[in-house]
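The values are calculated or read from the model by the stated rules, or taken from the named source; none is laboratory data. Keep in mind it's a predicted model, so treat the numbers as computed, not measured. So basically every Cβ, Gly included, is an ideal-geometry build from the backbone, and we count neighbours across all protein chains shown.
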């Protein structure tokens, strides 16, 4: 018996969530007295996973899987789990894995717990702690099925090195042609900057910036911090920023170490989507903006004055400590 993780990659490179998932799996495997196997799809250098406690890697290389396909990828994970007799299957909470996990669970007749935020509270019975009610509460969930599928909430555990000797095995699962009836015409990916999915820090702007021509100061602050840029729903609806940057309950949920909101009033849907972030900083000229009620730190003032000065101070700090 082993514990299986799906280590996500994009264009051959592992996402940060793959290392977080491997770190988490190592600890779970120790409590279960088993090993960690990772299944990868068209990944490049899989030896990176050995730094985080993965004992074995099943390498799937197939041009048909170049573009993400939920049914096909779920079937690959299912077959890998069956091959390894895995009783616990771990996935992350990226957009792709949120599609995959329920399909994998159905295929394996497994219980599924999403938004897991810590190590299992107990392995007999098997209990996990989960975020619920848009991250406003926690739920203790018990899984009674023989096979269990867990979805680890992003940035809830961390990345920890635990070097191991990792074996590699080429794995060629059977693919169902019917799963490829949907044809992907094109895939647009963000290049040259930190993506929201991998970011530890996000700098987000709202309508308070008054127009897309003012987004340079958001991008400059993000660049200094090594952060991703994001926006509120009204901003993406107005076409000021691409929809891929829209964060919130109806956009991309984020769970970063630091979330900086500039000129965002704080609608309920937006707060729900970023509530799992560890530290929330708000810059807004309206002292009554709802965002201040949930912020860890708040600055009341003109963003066009505060953000450039903050960026300059950060540049000076980095220069002094480089």
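Below are the figures for this structure:
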item: Residue check for residue 247: at pLDDT 95 or above, buried (at least 23 other Cβ atoms within 10 Å of the Cβ) and on the phi < 0 side of the Ramachandran plot; result: no
item: Hits in segment 61-99 - residues which are over 23 Å from residue 198 (Cα atoms) and in contact with a helix residue (DSSP H, G or I) (Cβ under 6 Å, 6 or more places away or on another chain); result: 71, 72, 78
item: Residue list for segment 260-297, filter: touching a helix residue (DSSP H, G or I) at 6+ places or on another chain (Cβ under 9 Å), surrounded by 18 or more Cβ atoms within 10 Å (Cβ to Cβ) and not in a loop (DSSP other than H, G, I, E, B); result: 260, 261, 262, 270, 271, 280, 282, 283, 284, 291
item: Matching residues in segment 1-27 - criterion: being over 26 Å from residue 63 (Cα atoms) and outside any loop (DSSP other than H, G, I, E, B); result: 2, 3, 20, 23, 24, 25, 26, 27
item: Strands (runs of 3 or more DSSP E) enclosed by segment 134-237 - at least 2 residues per element that are over 22 Å from residue 97 (Cβ atoms); result: 137-143, 167-170, 201-205, 228-231
item: Residues (within 23 Å of the chain's Cα centre (by Cα), loosely packed, with under 14 Cβ neighbours inside 10 Å and in contact (Cβ under 8 Å) with a residue 24 or more places away in the chain) located in segment 110-149; result: 136
item: Residues within segment 18-40 that are surrounded by fewer than 24 Cβ atoms within 10 Å (Cβ to Cβ) and either touching a residue at least 60 places away in the same chain (Cβ under 8 Å) or in contact with a strand residue (DSSP E or B) (Cβ under 6 Å, 6 or more places away or on another chain) (or both), tallied; result: 11
item: Filter result for residue 54 (buried (at least 20 other Cβ atoms within 10 Å of the Cβ), over 16 Å from residue 19 (Cα atoms) and touching a residue at least 60 places away in the same chain (Cβ under 8 Å)); result: no
item: Flag if residue 254 is in contact with a helix residue (DSSP H, G or I) (Cβ under 7 Å, 6 or more places away or on another chain), over 12 Å from residue 232 (Cβ atoms) and buried (at least 22 other Cβ atoms within 10 Å of the Cβ); result: yes
